[in-house]
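Taking it in order: structure first as structure tokens, then the write-up.
The values are calculated or read from the model by the stated rules, or taken from the named source; none is laboratory data. Here the structure is a predicted model, which means the values were calculated and not measured. Heads up, the Cβs are rebuilt from the backbone with ideal geometry, glycines too, and the neighbour counts pull from every protein chain shown. Just so you know, the surface numbers come from the protein's heavy atoms only, side chains and all, with ligands and any DNA or RNA stripped out. Shrake-Rupley method; radii C 1.70, N 1.55, O 1.52, S 1.80 Å.
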Amino acid sequence: MKEAYKIVELIKAAKNIVITSHRSPDGDSIGSSLGLYRFIQALGQSASICHPDPCPSFIEWVKDDAVIIDFEESKTEVVEKMQAADLIFCLDYNGANRLGHAMGEVLTACKGTKVMIDHHLNPDDFVDVSVSEPSVCSTAQLVYELVNDSGNSDLMTAAIGTPIYLGIMTDTGSFRFSSVSSRTHEIIAKLIDAGVDHTAIHQDTFDNNRLDKLKLRGHIIAERLEILAEYKVAIISVTEDILESFNYIKGDTEGLVNLALSIEGVEVAAFFTEKGEDVKMSFRSKGELAVNVIANENFDGGGHKYAAGGINHDTVENTIAKFKSLLPKYF
Ligand code: 5GP
Ligand code: MN
């Protein structure tokens, strides 16, 4: 990472540092934020983590004593922190709109120097320093490279390494996606040498299911799955009423779209989740179809060839109908 020294100089010179990441946080946005936060502390500085919305419960454990201030809960505090910041990190996203409209506008109006560290394609021009590495599996891996390439590998500890491991693990489907490189495994080896307990991370993340969560997932697969055999497409969906009946909390349906994708013969999976007046979509592909193209051209979204998402202002039923009507065009 050629910007590593420059970024560390910015950290050392800053008075108020804020770390932001995208809406609907995942293991990589949380992991890269906390890894950077603790690296900044190891450099003798401090930072505030300001996210659009709360951390999902399945990775709450990784926060330990760190605080994530979220815009949904503490709007005024987040706005004050961002306005006062002279250095703002934009982790794991490629455009201000990925913070959501309101927080995105706050970011755009901020005076502080903005540094993006991200691995999504086609970043917007919204920052002062841009580290964009779409071939790298995760932003957490890029945070590792920042530590390493700025000559600070001696500062790597289990505290910094654990969230980095989490981010890499979750963004690679536990090290299985094609985005994993030999470098990824080299980094994992270094993290284990630094004291990271990989077994504990997997257990804390994946072996801590609430019964309601498993029942909800079972219900969606049993009752809300449709397979369109001629397109090799699996569709799953959920309404707010159903979520409520299973005492839904954020993160309960995380990764469920991948379960639909794992069905034999299925090459594309789409998951439709009712959210107020909108429907949030998650798309996955393991075949030729680039789901980010469908998301981008029709659902105000984007992402990668094999994992994308978007949003539609309509009912679940109508959104699924729209998706189905598009399939002849894309296959
Ligand atoms: P997920 O299905 O896990 O929510 O999202 C998968 C990927 O799709 C994310 O890593 C992100 O790149 C992309 N993505 C999801 N939702 C959106 C969206 O609303 N807009 C854009 N541009 N990309 C999205
Ligand atoms: Mn990521």
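State whether the residues of segment 87-101 include one that is modelled with pLDDT of 95 or more, among the hydrophobic types (A, V, I, L, M, F, W, C) and surrounded by fewer than 18 Cβ atoms within 10 Å (Cβ to Cβ). Within segment 87-101, none of the residues are modelled with pLDDT of 95 or more, among the hydrophobic types (A, V, I, L, M, F, W, C) and surrounded by fewer than 18 Cβ atoms within 10 Å (Cβ to Cβ).
Scanning segment 27-45 for residues that are closer than 21 Å to Met82 by Cβ and either in a helix (DSSP H, G or I) or within 16 Å of ligand 2 (Cβ to nearest atom) (or both) yields Ser29, Ile30, Ser32, Ser33, Leu34, Gly35, Leu36, Tyr37, Arg38, Phe39, Ile40, Gln41.
In the same structural domain as Asn148 (by TED's automatic domain parsing), of a type in the set (A, V, I, L, M, F, W, C) and within 14 Å of ligand 2 (Cβ to nearest atom), is that true of Ile49? Explain how you work it out, then say what you get.
Values: in the same structural domain as Asn148 (by TED's automatic domain parsing): yes; of a type in the set (A, V, I, L, M, F, W, C): yes; within 14 Å of ligand 2 (Cβ to nearest atom): no.
The answer is no for Ile49.
Yes or no, residue by residue, for (1) farther than 22 Å from His202 by Cα; (2) in contact (Cβ under 8 Å) with a residue 60 or more places away in the chain; (3) surrounded by 23 or more Cβ atoms within 10 Å (Cβ to Cβ); (4) of a type outside the set (A, V, I, L, M):
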{"position": "Glu3", "(1), (2), (3), (4)": "yes, yes, no, yes"}
{"position": "Glu9", "(1), (2), (3), (4)": "yes, no, no, yes"}
{"position": "Lys12", "(1), (2), (3), (4)": "yes, no, no, yes"}
{"position": "Phe39", "(1), (2), (3), (4)": "yes, yes, yes, yes"}
{"position": "Ala42", "(1), (2), (3), (4)": "yes, yes, no, no"}
{"position": "Asp65", "(1), (2), (3), (4)": "no, no, no, yes"}
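In segment 15-26, the count of residues that are away from ligand 2 (no atom under 16 Å from the Cβ), of a type in the set (A, V, I, L, M), touching a strand residue (DSSP E or B) at 6+ places or on another chain (Cβ under 6 Å) and open to solvent by less than 20 Å² (accessible area, probe 1.4 Å) is one or more.
Looking across segment 193-241, the residues that are open to solvent by 80 Å² or more (accessible area, probe 1.4 Å), under 30 Å from Thr157 (Cβ atoms) and of a type in the set (Asp, Glu) come down to Asp193, Asp197, Asp207. Of the strands (runs of 3 or more DSSP E) contained entirely in segment 210-290, those carrying at least 2 residues that are without any contact (Cβ under 8 Å) to a residue 40 or more places away in the chain and away from ligand 1 (no atom under 14 Å from the Cβ) fall at 225-228.
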